[in-house]
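Structure record follows, encoded as structure tokens.
The values are calculated or read from the model by the stated rules, or taken from the named source; none is laboratory data. Everything numeric in this text was worked out from a predicted model, so none of it was measured. A quick note on method: Cβ atoms are made from the backbone with ideal geometry, for glycine too, and the neighbour counts reach across all protein chains shown. Areas reflect the complete protein model, heavy atoms only, side chains present, ligands, DNA and RNA absent. Shrake-Rupley method; radii C 1.70, N 1.55, O 1.52, S 1.80 Å.
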Amino acid sequence: MKSEVNEWYRGRNVFVTGASGLMGKVLIEKILYSVPDVGCVYALVRSKRGKTPESRIEDMWKLPLFSRIREEKPHVMKKLIPVSGDIMNDNLGIDSKLLEQIYDEVSVVFHFAASLRLEAPLKEGLEMNTRGTMRVLDVAKRIKNLVSFVHLSTAFCYPDYVRMAEKVHDPPVNPHEVLRAATWLTDEQVKLLTPSILQKHANSYTYSKRLAEALVKEHYPELPVSVVRPSIVTPSYKEPLQGWVDNLNGPIGLMVGAGKGVIRSMYCIGHYHAEVIPVDIAINAIIVIPYYINSQSERSPEIPVFNLTSGDDRTTTWKEVLDVGKATARKYPFEGPLWYPGGNIRHNKFIHDLCVLFFHILPAYLIDFLMLIFGQKRFMVRIQNRISVGLEVLQYFTTREWWFDTNNFKALSTILNPTDIKTFSMDLNIIEVEPYIESCLIGGKLYCLKEKLENLPKARLQNNILFVLDTLVSAFLFYLLPLYILVSYFEPFRMLLSYGGPFVRYLPLVGKVVFPEA
């Protein structure tokens, strides 16, 4: 049976912003591999670190992500056309001749470009995520044969709603007014006003994305726009490689940090559900959405919105994720860990802050002090500061429950034939938690840290040595040292321990105090 999705895309040209990001790369790979009759894919890429868009695309082709295309369908690689530009510029900074070509030839737009820095200043988030979306919409309005514009948002952009419906709610303020204010206010002024502007939003990312949704909604139904809201995007489930990931954002960064022994505590409500979605399943849904919307007999009165989340079907909790992650980190330990991976989540903020002080901050300063003594470059305090910021941002998502309607998302599969159901799998219920988390951690090890599985014996040896050291240090700091202080200054404790006989007599420090004649 032929793929009806491929037939719908046949000869259509696609324009993608954010092509160099994780989701952008997976989208391009999946379209070229599974929708081979697509006309071409224009990929908006900006110059970065002295590299042109063309050279960045060349580097992209070399990634393991594109291995099955290189091996099975190398001819489709010529369908990817790099477009030099940036959503921070008017007309996206695209050459006028190429821009006219896009106006004439493109029919599907995927707008993925965004600043993913949750801790970014508000002005940066507004310029990139909100005004950048406005610029992409301005370009889309001049595309002559546009049949679909898919805007990538986030499932967490409405913190003031207990349950997230698949609709765009009115923003708390007019996005145009906010953008106008941001143009004349200084960075310092915006920084001072940020808390009152964000209100219930914990960061600039979700706020700027919420305003961007409002801008997209303004163009419906004049433009065939739609909004997709994935939850926390995690490494791929199956395609094109199990565990593929190219950054340490979100839970994978937490796993790697904990596996390296750097992160020892996280503020998290363990029994809350983990709301995540593998990147390949999210991309499958996004590719199907234009086909789905255009297959409907009549246009929806409301802008189509799809919450790409597990919704009410989820069962996995953050504690389960942590427990499986810890077991996997011991089975596949990272190379060169700073300490034995033995951190934990804590639902009490005060206890978490104490643990951060004793397990994160003080050890970081101790390590940097030793580096200073030995004339080495100090790095640990800087790393811990970055980790603290990252954890603070991530805790926004792990210390509250999130509830989503997913009717539109689930409806996508209902119109697919058996071939497309297999090709564009969107069933989150088939994912087995333990094997998936294991593949995520291995993916972070292979694709982010560039570690090789053949080095596992060495890594396991390092892990075992650190386990012994961790046990000894923990026993000294949390048992022997407090006990030594107690028996040194309180006679009742000495008398009590004197009944311990030979066992107490040979305890380091404590034995000599309890039995001074020994």
- Query: Condition test on Leu92, is it buried (at least 22 other Cβ atoms within 10 Å of the Cβ), within 30 Å of Ser231 (Cβ to Cβ), at pLDDT 95 or above and out of contact with any Pro (no Cβ under 7 Å at 6 or more places or on another chain)?
  - Reply: no
- Task: Considering only region 187-223, state which residues are of a type in the set (Ser, Thr, Tyr) and part of a helix (DSSP H, G or I).
- Result: Thr194, Ser196, Ser204, Tyr205, Thr206, Tyr207, Ser208
- Message: within 21 Å of Cys40 (Cα to Cα), open to solvent by less than 10 Å² (accessible area, probe 1.4 Å) and outside any helix (DSSP H, G or I): which single residue out of Val136, Val109 fits that description?
- Response: Val109
- Message: Being among the small types (Gly, Ala, Ser) and within 18 Å of Leu338 (Cβ to Cβ) is the filter here; which residues of region 250-277 pass it?
- Response: Gly253, Gly257, Ala258, Gly259, Gly261, Ser265
- Message: One residue is enough: does region 488-505 have a residue meeting the conditions under 30 Å from the mean Cα position of the chain (by Cα) and among the polar types (S, T, N, Q)?
- Response: no
- Task: Please state which one of Glu54, Glu119 is surrounded by fewer than 22 Cβ atoms within 10 Å (Cβ to Cβ), at pLDDT below 90 and either among the basic types (Lys, Arg) or farther than 30 Å from Gly390 by Cβ (or both).
- Result: Glu54
- Message: Going by what's in this entry, would Ser226 be described as part of a strand (DSSP E or B), in contact (Cβ under 8 Å) with a residue 12 or more places away in the chain and not charged (D, E, K, R)?
- Response: yes
- Message: Name the single residue that is surrounded by the most Cβ atoms within 10 Å (Cβ to Cβ) among those in region 447-458 being in a helix (DSSP H, G or I) and over 17 Å from the mean Cα position of the chain (by Cα).
- Response: Leu456
- Residues that are open to solvent by 50 Å² or more (accessible area, probe 1.4 Å) and over 25 Å from Glu451 (Cα atoms), drawn from region 321-350: Arg346, His347, Asn348, Lys349, Phe350
- Hits in region 139-166 - residues which are part of a loop (DSSP other than H, G, I, E, B) and either within 20 Å of the chain's Cα centre (by Cα) or buried (at least 23 other Cβ atoms within 10 Å of the Cβ) (or both): Ser153, Thr154, Ala155, Phe156, Cys157, Tyr158, Pro159
- When restricted to Gly311, Gly257, the only residue open to solvent by less than 40 Å² (accessible area, probe 1.4 Å) and within 30 Å of Leu366 (Cβ to Cβ) is Gly257
- Considering (1) modelled with pLDDT under 85; (2) not in a loop (DSSP other than H, G, I, E, B), say which one Thr328 fails and leave the rest. (1)
- Condition check for Asp59: of a type in the set (D, E, K, R) and modelled with pLDDT of 90 or more: no
- Candidates Ile303, Ile277, Ile287, Ile293, filtered to the one that is at pLDDT 85 or above, under 25 Å from the mean Cα position of the chain (by Cα), farther than 30 Å from Val381 by Cβ and not in a strand (DSSP E or B): Ile287
- Query: Do we have any residue at all in region 406-414 that's crowded, with 17+ Cβ neighbours inside 10 Å, touching a residue at least 12 places away in the same chain (Cβ under 8 Å) and not in a helix (DSSP H, G or I)?
  - Reply: yes
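Out of everything in region 400-431 that is of a type in the set (A, V, I, L, M) and out of contact with any Asp or Glu (no Cβ under 9 Å at 6 or more places or on another chain), what residue ends up being nearest to Pro290 (Cα to Cα)?
Only one residue fits best here, namely Leu412.
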- Message: Condition first: touching a helix residue (DSSP H, G or I) at 6+ places or on another chain (Cβ under 6 Å) and surrounded by 21 or more Cβ atoms within 10 Å (Cβ to Cβ). Can you find one or more residues in region 70-83 that meet it?
- Response: no
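Among the residues of region 312-340, how many are touching a Phe, Trp or Tyr at 6+ places or on another chain (Cβ under 8 Å) and either among the acidic types (Asp, Glu) or over 15 Å from Pro251 (Cβ atoms) (or both)?
Residues flagged as touching a Phe, Trp or Tyr at 6+ places or on another chain (Cβ under 8 Å) and either among the acidic types (Asp, Glu) or over 15 Å from Pro251 (Cβ atoms) (or both) within region 312-340 amount to 2.
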- Over region 351-368, the set of residues of a type in the set (D, E, K, R) and either touching a residue at least 40 places away in the same chain (Cβ under 8 Å) or surrounded by fewer than 17 Cβ atoms within 10 Å (Cβ to Cβ) (or both) is Asp353
- Among the residues of region 26-35, is there at least one that is touching a Lys or Arg at 6+ places or on another chain (Cβ under 9 Å), surrounded by fewer than 21 Cβ atoms within 10 Å (Cβ to Cβ) and under 19 Å from Ser115 (Cα atoms)? no
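Return the residues of region 383-402 that are in a helix (DSSP H, G or I) and either basic (Lys, Arg) or without any contact (Cβ under 8 Å) to a residue 12 or more places away in the chain (or both); say none if nothing qualifies.
Asn385, Arg386
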- Item | Every residue from region 161-193 that is within 23 Å of Gly311 (Cα to Cα) and among the small types (Gly, Ala, Ser) | Ala165
- Just give me the residues in region 333-381 being small (Gly, Ala, Ser) and under 16 Å from Ile263 (Cβ atoms), in sequence order. Gly336, Gly342, Gly343, Ala364
- Query: Looking only at region 194-226, which residues are more than 27 Å from the chain's Cα centre (by Cα) and either on the phi > 0 side of the Ramachandran plot or loosely packed, with under 14 Cβ neighbours inside 10 Å (or both)?
  - Reply: Pro221, Glu222
- Exactly one of Ile367, Ile361, Ile351, Ile345 is hydrophobic (A, V, I, L, M, F, W, C) and under 30 Å from Ala282 (Cβ atoms), and that residue is Ile345
